Structures are given as C-alpha cells and as structure tokens.
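The values are calculated or read from the model by the stated rules, or taken from the named source; none is laboratory data. Everything numeric in this text was worked out from a predicted model, so none of it was measured. All Cβ positions, even for glycine, are placed from backbone atoms using ideal geometry, and neighbour counts span all protein chains on display. Surface accessibility is based on the protein's heavy atoms, side chains included, excluding ligands, DNA and RNA. Shrake-Rupley method; radii C 1.70, N 1.55, O 1.52, S 1.80 Å.
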Amino acid sequence: MTAILTVTVNPTVDLSSEVETLRPHSKLRCEPLCREPGGGGINVARVCQRLGAPATAVYTAGGATGAILHDLLMGESLDGEAVSITGETRESFTIFEQSSQRQYRFLFPGPNVSEEEGAALLSVIENCEPVPAYVVASGSIALGLGEDFFARLCALSNTLGARFVLDTHGPALRRAVAAGGIDILKVNLRELRELTGLSLERESDQLEAARGLVADGSCRVLTLTLGDRGAYVTSPEGSFRAQGLTIKTVSAVGAGDSFLGGFLSRLSRGDSLKEAFRWGVAAGSAALLTPGTQLCEADAVNELLSAVKVVPVSLPA
C-alpha cells in the first residue's frame with residue numbers, strides 16, 4: 001500500500017472532443033474522441049503518480065462503463081482497487097468550440113450507491129496494510145450515500161492514524177467540516193462562501209475566513225484556490241500566498257485535482273508546507289496548458305516551478 005490512498009465514490013469516464021461551432025438541430029462533426037479515467041480521487045492519484053509519488057486509488061465501478069474505467073486505469077499502471085456496484089459508472093462529456101475558444105462541460109449525476117456498497121468501500125480502507133499516511137476523499141458524493149459519508153470516512157481515517165484530506169462540495173462538505181478531524185481541506189472561493197455564509201468580496205476577508213476555519217479546529221491545514229489569482233494555504237505554523245501565473249489557458253478542467261496531487265506528492269515526501277504548496281500551484285497551473293480533461297504533465301510542472309513565487313502572509317489574528 002502506498003503512502004497516498006485516494007477514494008472516489010462517484011468516478012467517471014471523461015469523454016472530450018472539439019467542434020468548429022455548436023449549432024442546434026445540426027449534425028456536428030467532431031474531432032477524434034479522447035477518453036480518460038476521471039473523478040476527483042482518481043485524478044489526484046494519477047497526478048501523484050506522474051510526479052513520482054505512487055498512490056492507490058479506491059473507487060466504485062459498475063456496468064460496462066465501470067469496466068472501461070478499470071481498463072483505462074490499468075493502462076496507466078495505476079495501483080487501484082475497484083468496489084463493485086450494481087449501478088452503471090457515469091460518463092461526462094466536454095466539448096471545445098474552436099470558433100469561440102469556449103469549453104462546454106456536461107456532467108451526469110451517476111449511479112445510486114447503496115449503503116451496503118458504501119460499507120464495502122469503507123471496509124477496503126479499514127483493512128489497508130500498512131495504513132496509508134494520507135486518505136484523500138475527492139469529488140462529488142454518490143447518489144444513495146448519506147451526506148455524512150465523508151465525515152464517516154474522516155472518522156475512520158483518524159482511528160487508523162491516517163491523515164484525512166477532503167476536496168468536495170455541498171452538504172457533504174458542510175457535514176464533514178462540522179464533524180471535524182480533517183487534516184487538509186481544499187476549497188475554492190465558492191466552497192469557502194458555502195462554509196462561512198459570507199460574501200467574501202475582498203481578498204483580506206477570504207484569507208481571514210480561511211484562517212478562521214483552521215483556528216476553530218475545522219481542519220489543520222486549509223488550501224484556498226482562487227483560479228487565475230493563484231492560491232493560499234494556511235496552518236497553525238504559518239500562511240502563504242502565491243499569485244497566479246501568466247499563461248494561456250487551454251482548459252481549466254482538472255486544475256484543482258492537479259493542484260491537490262502536486263501538493264500531496266511533496267507532503268508525502270516530507271517537504272515543508274511552503275514547498276509542497278509551490279508544487280501544488282505549479283501543478284494546477286500546468287493543468288491549464290492541457291486540452292480537454294487532461295491533467296498536468298510532469299515536464300510542464302517542472303518548467304513552471306521556478307515561476308511560482310510563494311510569500312508569507314500576515315493578517316490580524
């Protein structure tokens with residue numbers, strides 16, 4: 001078992017292509033189809049592996065699409081364990097319109113996952129030997145699972161002695177944060193607003209809100225990604241800010257997963273929070289250079305590292 005174990009309860013097979021112009025009631029001639037494994041935890045594991053930090057992906061899989069997902073992961077030699085479900089693993093579809101340079105994403109809800117199937121997934125985590133250093137829950141909650149599923153996974157990880165990392169949204173995010181015990185929480189600005197109920201228009205308010213979640217024990221480390229404005233990380237040991245890099249965005253899909261994968265790939269090696277954050281920002285930025293649903297590439301991450309400037313941030317306590 002690797003040091004990083006990711007959990008994806010609602011994975012997907014990501015389909016992407018390009019078309020000259022989107023027109024209603026017309027046959028649209030697309031470019032060749034690209035098919036990739038997807039879902040938050042799976043993507044984080046793929047990025048970790050690309051950056052030299054082997055990871056294990058635990059995920060649900062069902063039906064013909066689940067078999068395709070498994071084959072795609074095996075094609076990347078990614079260590080993984082599929083938990084069989086009766087429902088059909090979902091697909092998502094991304095189209096890039098060449099004429100407007102706009103990207104359109106179509107996300108389907110996915111299958112129902114029963115409580116029994118969820119319990120089987122938790123059992124896989126519980127019986128991991130040796131215990132991973134990090135258990136990463138990333139992506140949307142599956143239909144059928146309770147909103148407290150990630151909170152339960154957090155409690156299990158704490159019991160095992162693994163550090164729990166969370167990147168999700170909506171009620172599942174709020175329930176897990178309310179329960180506490182999260183070691184690393186990754187949020188974007190929309191999710192931070194959900195958690196605090198505040199508009200957070202000013203950056204100083206955003207950073208203070210992030211620090212507040214650390215101070216009240218909701219998590220030990222919080223990363224806040226701000227799109228093209230960069231990112232912020234805070235913990236009791238310090239806070240750091242990185243501005244966004246000036247690069248031409250090809251596709252923003254997978255940037256958040258790439259950030260988290262880059263961040264964890266260095267933390268798992270014992271790097272400092274500041275250095276791991278630098279890698280996270282470089283990985284998230286490198287993902288912007290790839291088309292469709294593709295994730296960051298290691299060469300691009302290494303090329304961008306020197307451009308990432310991380311500075312300490314001091315705000316009123």
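For region 52-119, which strands (runs of 3 or more DSSP E) that fit wholly inside it have 2 or more residues that are within 24 Å of LEU260 (Cα to Cα) and of a type in the set (Gly, Ala, Ser)? Full working, then the answer.
Details: elements: 55-61, 79-84, 90-97, 102-107.
Counting at least 2 such residues, we get 55-61, 79-84.
It is to be established whether one or more residues within region 21-38 are under 22 Å from GLY118 (Cα atoms) and either of a type in the set (Gly, Ala, Ser) or crowded, with 24+ Cβ neighbours inside 10 Å (or both).
yes
For region 1-15, which residues satisfy the criterion of being open to solvent by 10 Å² or more (accessible area, probe 1.4 Å) and either more than 15 Å from the chain's Cα centre (by Cα) or more than 30 Å from CYS154 (Cα to Cα) (or both)?
MET1, THR2, ALA3, LEU15
Among (1) within 24 Å of PRO130 (Cα to Cα); (2) open to solvent by 10 Å² or more (accessible area, probe 1.4 Å); (3) within 17 Å of the chain's Cα centre (by Cα), which single condition is ASN158 missing?
Evaluating ASN158 over (1) within 24 Å of PRO130 (Cα to Cα); (2) open to solvent by 10 Å² or more (accessible area, probe 1.4 Å); (3) within 17 Å of the chain's Cα centre (by Cα) leaves (3) as the failure.
Considering only residues of region 290-317 that are over 30 Å from ASP205 (Cα atoms) and assigned to a loop (DSSP other than H, G, I, E, B), which is nearest to the chain's Cα centre (by Cα)?
Filtering region 290-317 for residues that are over 30 Å from ASP205 (Cα atoms) and assigned to a loop (DSSP other than H, G, I, E, B), the one nearest to the chain's Cα centre (by Cα) comes out as LEU295.
Out of all the residues in region 132-155, which are surrounded by 16 or more Cβ atoms within 10 Å (Cβ to Cβ) and not small (Gly, Ala, Ser)?
The answer is PRO132, TYR134, VAL135, VAL136, ILE141, LEU145, ASP148, PHE149, PHE150, ARG152, LEU153, CYS154.
For residues that are outside any strand (DSSP E or B) and in contact (Cβ under 8 Å) with a residue 24 or more places away in the chain, scanning just region 230-247, find the one that is most open to solvent (accessible area, probe 1.4 Å).
Among those that are outside any strand (DSSP E or B) and in contact (Cβ under 8 Å) with a residue 24 or more places away in the chain, it is GLU237.
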